[in-house]
Amino acid sequence: MESIPLSWQLIKISIILIMFISMAPLLVWFERRVAAFIQDRLGPNRVGPIGILQPVADGIKLIFKEEFFPALSNKVLYFLAPCISLFVSLFVFAVIPFAAPVEINGKILYPQVANLNIGMLYVLAISSLGVYGIMIGGWSSNNKYSLLGGLRASSQMISYELTMGMSVAAVVLFFGTFDLQKIVETQSGFHWGVIFQPVSFFLFLVAALAESNRVPFDLPEGETELVGGYHTEYGGMKFGGFLFAEYLNIVTLSGMMVTLFFGGYNGLEWFSNLVDASPVLNAVIQFSAFSIKTLLLLFFFVWVRWTYPRFRYDQIMRLGWKILLPISIGNLLVTAMLIYWGVF
Amino acid sequence: MDWFVYGFSALAIASAIMVITRRNPIISALYLCLTLFCLAALFVLLEAYFIAAVQVLVYAGAVMVLFIFVIMLLNLDPEKMIVEYFQTPRMISVISALLLFGFLTFVFWTNNITGERGYDFPVQITQGGGHLKAMSSKLFTTFLLAFEVTSILLLVAIVGAVVLAKRKV
């Protein structure tokens with residue numbers, strides 16, 4: 001069966017890109033509303049119904065602000081840093097499947113940008129580049145707080161990348177493939193990864209929090225110590241680039257967790273059977289299942305942010321290297337032994 | 001497809017030249033990242049997706065991040081880094097680099113390295129169950145000894161680094 005023509009591919013990519021990018025402002029609004037709910041406030045509720053147009057107003061403000069370059073900064077790198085951050089966070093999402101392949105007029109449509117057979121490795125490889133944006137941003141601003149933020153970010157992200165890679169390795173071992181589409185197929189009928197790999201899920205969750213530089217791991221931008229961390233000197237849409245990248249990373253990580261541990265687009269088959277869905281409607285139902293699960297995880301990310309205080313720097317390093325990494329190696333070993341003995 | 005190959009090759013060479021001509025070590029390191037990224041792109045064009053992903057993951061994502069991290073911590077002043085180009089050790093490295101270049105040119109010039117089409121070509125690999133399978137079956141059977149020795153080498157390097165860094169406990 002041949003895949004769809006190139007022009008359709010481009011339309012598909014554009015749709016996915018627009019949907020994905022628009023997640024960032026929505027998530028900003030969602031985070032502020034949930035934060036307000038947790039702190040017993042109202043939150044932004046003036047612009048549009050229930051304040052949903054607030055991020056649009058913020059975005060317009062960011063775009064029309066003056067483009068400012070600090071006097072002694074490295075101009076090219078200062079400009080490139082948020083671009084790299086945004087580029088990386090947009091790229092990672094390309095392989096996450098949010099519905100099963102659909103057959104239209106004898107041509108097969110993969111509802112993701114690229115169906116790679118090393119999808120999982122691609123995610124790890126590209127997301128490991130995310131640290132460059134933060135490092136370069138911190139360094140090129142020529143500000144000691146920015147530099148400290150950049151250094152903290154790079155050491156933290158390198159440390160937790162190991163845990164993340166190891167936990168993913170156990171999952172990949174269990175499913176026997178790097179292909180995300182196949183991983184999701186294997187999880188149909190509520191054989192979800194989280195049931196068979198609970199330790200991996202826990203490790204991935206903690207590593208994901210650390211990789212996205214959010215509370216309780218938000219040392220790189222710890223405002224009480226570093227003014228604003230790596231983006232102290234940034235303003236306007238260049239700051240907006242970092243902000244977008246952070247929120248898009250959270251969406252991607254939630255999507256990854258859904259794909260690896262919560263059955264991806266599976267879970268609403270009973271509904272498809274109930275309404276006797278056509279292939280396209282079935283894809284829509286699968287997309288809804290994926291979206292609902294991702295939204296729940298996004299809520300979890302926001303919830304964590306307004307629940308925990310920030311770690312101290314040495315605590316983060318000890319947790320990463322002395323607790324999580326040994327657990328993840330042990331988990332990999334146990335998984336490998338269970339597979340060898342044929343338990344799974 | 002050919003134009004992609006030429007484009008990425010040219011970019012790789014250009015950024016490799018930038019690596020050794022830039023005065024600021026951080027800029028050099030970033031150009032090295034670009035070189036490695038172009039190499040990964042070339043691997044993709046050769047349909048070696050696994051190698052490409054590992055190239056980005058290990059070199060660009062881990063090794064170079066550590067390089068830049070250390071350079072940032074040292075906070076070198078580019079103005080003080082003007083070095084003499086014609087010292088004896090430097091001349092030795094230049095001569096050996098030229099010798100290597102000449103040797104490689106000689107080898108590529110005199111031999112036609114087309115060879116027989118064996119197992120290691122994209123079509124056969126895809127038929128044989130994908131890159132990962134091809135890679136790992138070779139790695140854990142034919143080249144097992146080399147693989148394990150490499151891991152011991154890395155272990156020695158780690159232990160050495162810890163010993164050097166922690167003189168007093």
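The values are calculated or read from the model by the stated rules, or taken from the named source; none is laboratory data. Here the structure is a predicted model, which means the values were calculated and not measured. Every residue, glycine among them, receives a Cβ derived from its backbone with ideal geometry; neighbour counts consider all protein chains shown.
The figures follow:
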quantity: Residue in the stretch A:246-267 that is more than 16 Å from the chain's Cα centre (by Cα), buried (at least 24 other Cβ atoms within 10 Å of the Cβ) and closer than 26 Å to A:Ser188 by Cα present; calculated: yes
quantity: For A:Phe69: the one exception among (1) under 25 Å from A:Trp29 (Cβ atoms); (2) more than 11 Å from every other protein chain (Cβ to nearest Cβ); (3) in contact with a helix residue (DSSP H, G or I) (Cβ under 7 Å, 6 or more places away or on another chain); calculated: (1)
quantity: Matching residues in the stretch A:313-344 - criterion: being at pLDDT 90 or above, out of contact with any Leu (no Cβ under 9 Å at 6 or more places or on another chain) and surrounded by 14 or more Cβ atoms within 10 Å (Cβ to Cβ); calculated: A:Ile329
quantity: Only one of A:Ala94, A:Ala114, A:Ala100 that is more than 8 Å from every other protein chain (Cβ to nearest Cβ), in a helix (DSSP H, G or I) and either aliphatic (A, V, I, L, M) or over 12 Å from A:Tyr230 (Cβ atoms) (or both); calculated: A:Ala94
quantity: Failed item in (1) within 14 Å of another protein chain (Cβ to nearest Cβ); (2) loosely packed, with under 14 Cβ neighbours inside 10 Å, with A:Ile63 passing the rest; calculated: (1)
quantity: Failed item, numbered, when A:Ala57 is tested on (1) more than 14 Å from chain B (Cβ to nearest Cβ); (2) modelled with pLDDT under 85; (3) over 15 Å from the mean Cα position of the chain (by Cα); calculated: (2)
quantity: Residue that is surrounded by the most Cβ atoms within 10 Å (Cβ to Cβ) [pool: residues in the stretch B:1-48 that are hydroxyl-bearing (Ser, Thr, Tyr) and more than 13 Å from B:Ala60 (Cβ to Cβ)]; calculated: B:Ser28
quantity: Of all residues in the stretch A:268-303 being modelled with pLDDT under 80 and of a type in the set (Phe, Trp, Tyr), the one that is surrounded by the most Cβ atoms within 10 Å (Cβ to Cβ); calculated: A:Phe271
quantity: Qualifying residue in the stretch A:49-58 (condition: free of Cβ contacts under 8 Å to residues at least 60 places away in the same chain and in a loop (DSSP other than H, G, I, E, B)); calculated: yes
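Listed here are the residues, each with its yes/no results for (1) closer than 24 Å to A:Ser155 by Cβ; (2) more than 13 Å from chain A (Cβ to nearest Cβ); (3) in contact with a Pro (Cβ under 6 Å, 6 or more places away or on another chain).
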position: B:Asn24; (1), (2), (3): yes, no, yes
position: B:Tyr31; (1), (2), (3): yes, no, no
position: B:Leu42; (1), (2), (3): no, yes, no
position: B:Ala62; (1), (2), (3): yes, no, no
position: B:Val65; (1), (2), (3): yes, no, no
